[in-house]
Amino acid sequence: MRKLFLFLSLGIFLFSCKEAKKETKQPSPYQPLADQYAEFTLTTDVSKLTENEKKMIPILIEVADIMENIFWQNAYGDKAALMKPFAQDSAALKYLSINYGPWDRLNANKPFIDGVGAKPLGANFYPTDMTREEFDALKDPRKTDWYSIIRRDDKGNLVVIPFHEAYPREVAKASELLKQASELAEDPGLKKYLSLRAQALLDDDYLASDLAWMDMQDNTLDFVVGPIETYEDQLYGYKASHSGQILVKDKEWSKRLSEYAQYLPKLQNNLPVPAAYKKEKANANPDMNAYDVIYYGGDCNAGSKNIAINLPNDPRVHAAKGSRKLQLKNSMQAKFEKMVVPISKLVIAPEQQKYVNFDAFFENVMFHEVAHGLGVNYTIKDKKDVRSALQNYYTSIEEGKADILGLFCVTKLAEWGILENKDLMDNYVTFIAGIFRSVRFGAASAHGKANMMQFNHFMESGAITKDETTGYYTIDFEKMKKDIEVIAGEYITIEGNGDIATATKLVAEKGVVPPTLQKDLDRIAGAGIPKDIFFKQGTKVLGL
């Protein structure tokens, strides 16, 4: 009888364990969110790399991972404390990692974790209780410096802390690794850049390394590293976020892109604005190249992944050497195939879907980056840099300008016969299809606001119209062509005047998602189309 009792007890125990185990396998409530991102493997043909370049990649990945850790501090703060309650929930951990915090970057930065408040506009660059009046009263001229954070001292007063003092251990380690990589570099330009970048991390003076990065021409391996973009700071748009991105040049595609460089001065002279707004010279020799990305870390990896780069941001570098335009071909192809094509089949009129193609998508993205170098960098009247003049509205206006001037460039080059056998409808229709992809990010990001400003402009002018019965949008070629010049003129004028009042009004009125478009976005969301991509990456993926 006792044996029977033990047997039954053991059976009940095992059954209970199985039931408990079964309970732990319940789907995570965060799984649908994590599933919005499609996995994409980052790789390239490593056979075109030298043995030293192959040895450099693990070192550069380690530096990128340090930038990743610093960016967590830029964007949120204590990553470990945030992750700890979700240690057994892989979907939650994945989505927290994608967003670098508990706020959904592709859903207007709304919190997706219970009990979390709104995301601070200044991320973790400023004290969350800081008022604008306090900031304005702070006398330290370094408060607007890109490479610093604001904190309170023991007395509660605001103080400016340079990045190299805020993150001393991290930048010291990254600097030492960059020196190691520079010793392995065979290309003189890359060697000089990595060496200067190593020093810049220690003193936050990035000008020399930015200029050296511009001078690189023949390198196969490239590394965009350090505090780069200011999108994370939505309070003022001053503070740069840490990022690390490893690239391998596609020299065949790059040769094709460089042919367009000579036309930038002519494009600048033909901008649809009065002469005063196009006096600045456009560099006739910008470095336009195509790359495969093999690693993302930090800011560039947050939420929506970048598919092109236009750097440096320093207007002093623009004046001296222009900027480099980097097209990230493998990431671009992934977004086009996984998002743009399926979205276009839902929202673009069937008879115009034939115009949606990757070549046009590639050109639109490429000339978007080219267009960042057109227009004005300094205001007409007081010669103040536009970024400072427009403060946190700069990124939305600048991204909108680059979008619309990108289409302007394609249109002009086609008219001049530079782009042969060009059907501009390919670019126009693909551009609109691309907007539907981008505005799924909501109007929280600078790119999202820019896309919405353009979309609402086009709808008001009749350049695009919607059939409410079918839900399809149709592009009117002549109206869109005309509207491109109107919108481009508006954005360049705002920047040239440093007109923050008009910028504020424009973003508030047109940088929003109207109800009719929201229905279409809901329809796209219901179709199960990925919102963006996340990466399988690293040395094992590359076979190193």
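Read-outs throughout are calculated quantities, based only on the coordinates presented, and are distinct from any laboratory measurement. What you see is a predicted model, and the numbers here were worked out from it, not measured in a lab. Heads up, the Cβs are rebuilt from the backbone with ideal geometry, glycines too, and the neighbour counts pull from every protein chain shown.
Here are some notes:
- Scaled radius of gyration (Cα, divided by 2.2 N^0.38 Å) that segment 299-429 gives: 1.18
- Taking Cα atoms only, the orientation of helix 188-203 departs from the longest principal axis of the chain by about 70 degrees.
- Degrees between helix 446-461 axis and first principal axis of the chain (Cα, 0 to 90, nearest 10): 50
- Two-decimal ratio, segment 329-513, of alpha-carbon radius of gyration to 2.2 N^0.38 Å: 1.01
- Within the chain, helix-based [θ] at 222 nm, where runs of 4 or more DSSP H residues each add -39,500 (n - 2.57), nearest 500: -15500 deg cm²/dmol
- The mean sequence separation of alpha-carbon pairs under 8 Å and at least six residues apart, normalised by the residue count of the chain, gives a relative contact order of 17 percent.
- Note that segment 35-52 has calculated 3J(HN,Hα) couplings of 6, 5, 9, 8, 6, 9, 8, 8, 8, 7, 7, 6, 5, 7, 8, 6, 4, 5 Hz, one per residue in order, obtained from phi through the Karplus relation 6.51 cos²θ - 1.76 cosθ + 1.60 (θ = phi - 60°); glycine and proline are x.
- With the simple spin-label model, which puts each label point 7 Å out from Cα in the Cβ direction, the LEU138 to LYS255 separation comes to 5.1 nm.
- Reduced Cα scattering model of segment 206-310, Debye log10 I(q)/I(0), q = 0.12 Å⁻¹: -0.56
- Placing a label point 7 Å from the Cα of ARG316 along the Cα-to-Cβ line, the residues of segment 151-185 whose backbone N sits under 20 Å from it are 161-165.
- Potential extension, VAL46-THR516 segment - 0.36 nm per residue separation minus Cα distance: 164.5 nm
- Taking segment 329-513 and dividing mean pair separation by its residue count, relative contact order in percent (alpha carbons under 8 Å, at least six apart): 30
- Pairs of Cα atoms farther than 41 Å apart, the chain, %: 22
- Peptides 521-529, 402-410 ordered by packing proxy, namely the average of other Cβ atoms within 10 Å per residue, highest first: 402-410, 521-529.
- ALA276/LYS540 FRET efficiency (R0 56 Å; Cβ-Cβ; nearest 0.05): 0.50
- Within the chain, DSSP assigns beta bridges of which about 75% are antiparallel (rounded to the nearest 5).
- Listed from fewest to most Cβ neighbours within 10 Å, the set TYR277, TYR37 follows the order TYR277, TYR37.
- All other residues whose Cβ lies under 11 angstrom from that of ALA463 are scored, Lys and Arg at +1 and Asp and Glu at -1, for a net of -1.
- Peptide ranges 70-78, 479-487, 111-119 listed from the most packed, as the mean C-beta count within 10 angstrom indicates: 70-78, 479-487, 111-119
- Paramagnetic reach from ALA118 (point 7 Å along Cα→Cβ, amide N under 16 Å) across segment 433-464: 443-445
- Degrees separating the helix 168-184 axis from the principal Cα axis of the chain, which is the longest one: 70
- The value of relative contact order for segment 174-311, using C-alpha pairs under 8 Å at least six residues apart, is 20 percent.
- Full extension of the chain between GLU337 and ILE500 yields a length gain of 54.9 nm, computed as 0.36 nm times the residue separation minus the alpha carbon distance.
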